[in-house]
Amino acid sequence: MPVVKHRAREIVLTAGSKTGGLLFLRSGAVEVVKDGVQIASVSAPGSVFGEQAALLDQPHTADVRTLEQSEFYVTDAPAMLAGDPTVALYVAAILARRLDAANRSLIEVKHQLQTGEPPSVIGKAVEKVEELLSYSGRDPTGC
């Protein structure tokens, strides 16, 4: 796969755009920004970006911006996902872990609501769910 370099503070993916690309972080760090709010920062090599848009054939749902000089392996998403089962399974595993962690966090929020936790505690749990659903790293649970 070709490697693309980006300087710090460059937009790599733009919400609303449709690139058809799949990006794997080789080095560096990025932030994921949705509606002007940072919902994740990612620095794990192998983290993938653009998978949701590619799989759902829809525009990107968030901006991805470099925090420092970063390098990405870039490929055509449909061709890579259809042509390489290892990559397809890798992306599927990322999405499955993200969904599982978000489900567990959602249950935590429901328990907090039922027990009358303060809004600040519930708000932090909701932010965690949001981050898990938008995270593009290899292992969003930190495990």
Complete set of residues in region 97-107 that are surrounded by 13 or more Cβ atoms within 10 Å (Cβ to Cβ) and either among the charged types (D, E, K, R) or over 13 Å from Glu130 (Cα atoms) (or both): Arg97, Arg98, Asp100, Arg104
Residue match in region 7-14 (condition: closer than 16 Å to Glu131 by Cα and within 13 Å of the chain's Cα centre (by Cα)): no
Complete set of residues in region 56-92 that are in contact with a Lys or Arg (Cβ under 9 Å, 6 or more places away or on another chain) and either without any contact (Cβ under 8 Å) to a residue 12 or more places away in the chain or among the aromatic types (Phe, Trp, Tyr) (or both): Asp57, Phe72, Tyr73, Tyr90
Residue match in region 37-55 (condition: more than 21 Å from Glu131 (Cβ to Cβ) and hydroxyl-bearing (Ser, Thr, Tyr)): no
Members of region 2-37 that are touching a helix residue (DSSP H, G or I) at 6+ places or on another chain (Cβ under 8 Å) and open to solvent by 30 Å² or more (accessible area, probe 1.4 Å): Lys18, Thr19, Gly20, Lys34
Conditions (1) loosely packed, with under 13 Cβ neighbours inside 10 Å; (2) more than 26 Å from Asp35 (Cβ to Cβ); number of the one not met by Pro118: (2)
Hits in region 61-74 - residues which are surrounded by 21 or more Cβ atoms within 10 Å (Cβ to Cβ) and either modelled with pLDDT under 95 or among the β-branched types (Val, Ile, Thr) (or both): Ala62, Val64, Thr66
Given (1) touching a residue at least 24 places away in the same chain (Cβ under 8 Å); (2) open to solvent by 80 Å² or more (accessible area, probe 1.4 Å); (3) over 21 Å from Gly28 (Cα atoms), index of the condition Ala53 fails: (2)
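The values are calculated or read from the model by the stated rules, or taken from the named source; none is laboratory data. Just so you know, these numbers come straight off a predicted model, no measurement behind them. As a convention, Cβ positions derive from the backbone with ideal geometry for all residues, glycine included, and neighbour counts pool all protein chains shown. Surface areas here come from the heavy atoms of the whole protein model, side chains and all, with no ligands, DNA or RNA. Shrake-Rupley method; radii C 1.70, N 1.55, O 1.52, S 1.80 Å.
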